[in-house]
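Notes follow the structure.
Any read-out appearing in this document is the output of simple, stated calculations on the displayed coordinates, not a laboratory observation. This structure is a prediction, so every number in the text was calculated from the model and none was measured. Positions of Cβ are generated from backbone atoms using ideal geometry, with glycine treated the same way; all protein chains shown enter the neighbour counts.
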Amino acid sequence: MFSNHKKRKSTKIDSLIGQNTELTGDVLFSGGFHIDGKLKGNVCAHEPSSMFTLSDHGVVEGEVHVPNIILNGTVIGDVYASERVELAANAKVIGNVYYNLIEMAMGAEVNGNLVHRVEPAAESVAEIVSPSQDVALSSK
């Protein structure tokens, strides 16, 4: 009747960096992105539903800006997750983690700050109509 199984949205992997691969440069992606190897550069997602996973063999030397993140490897740089970040048992972040929702397993390591950030809808509206723009209102 009741289950301890978590319902996790499965995202297919659209892009993969293999375990014996080292890549230098920034990566912009949409969909699912998985790293088993090493990336020297930043990771950034185009879509709000994008998912980034880093295996226990994976290393990223740069910032990560992805809505949904699962880390089990090493990130040397700041991590920004607008939706959810999961730090598995072998995760190691040398930098700050900015998150909306976080799950951290025993053994995960963060050498930096954990910063909770919620981006309310009001900020989105404020970006669309900034005070510096002239908005004409008419009354009849």
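Some points to look at:
- Taking segment 91-102 as the range and being assigned to a strand (DSSP E or B) and within 16 Å of Phe52 (Cα to Cα) as the test, the residues that pass are Lys92, Val93, Val97, Tyr98, Tyr99, Asn100, Leu101, Ile102.
- Complete set of residues in segment 43-71 that are charged (D, E, K, R) and either in contact (Cβ under 8 Å) with a residue 60 or more places away in the chain or under 19 Å from Ile17 (Cα atoms) (or both): Asp56, Glu61, Glu63
- From the list Ala88, Ala45, the lone residue that is under 19 Å from Asn111 (Cβ atoms) and buried (at least 18 other Cβ atoms within 10 Å of the Cβ) is Ala88.
- Selection within segment 72-86 - touching a residue at least 24 places away in the same chain (Cβ under 8 Å) and not hydroxyl-bearing (Ser, Thr, Tyr): Gly73, Gly77, Asp78, Glu83
- Extreme residue, nearest to Met104 (Cα to Cα), among residues of segment 59-69 that are in contact with an Asp or Glu (Cβ under 6 Å, 6 or more places away or on another chain) and surrounded by fewer than 22 Cβ atoms within 10 Å (Cβ to Cβ): Pro67
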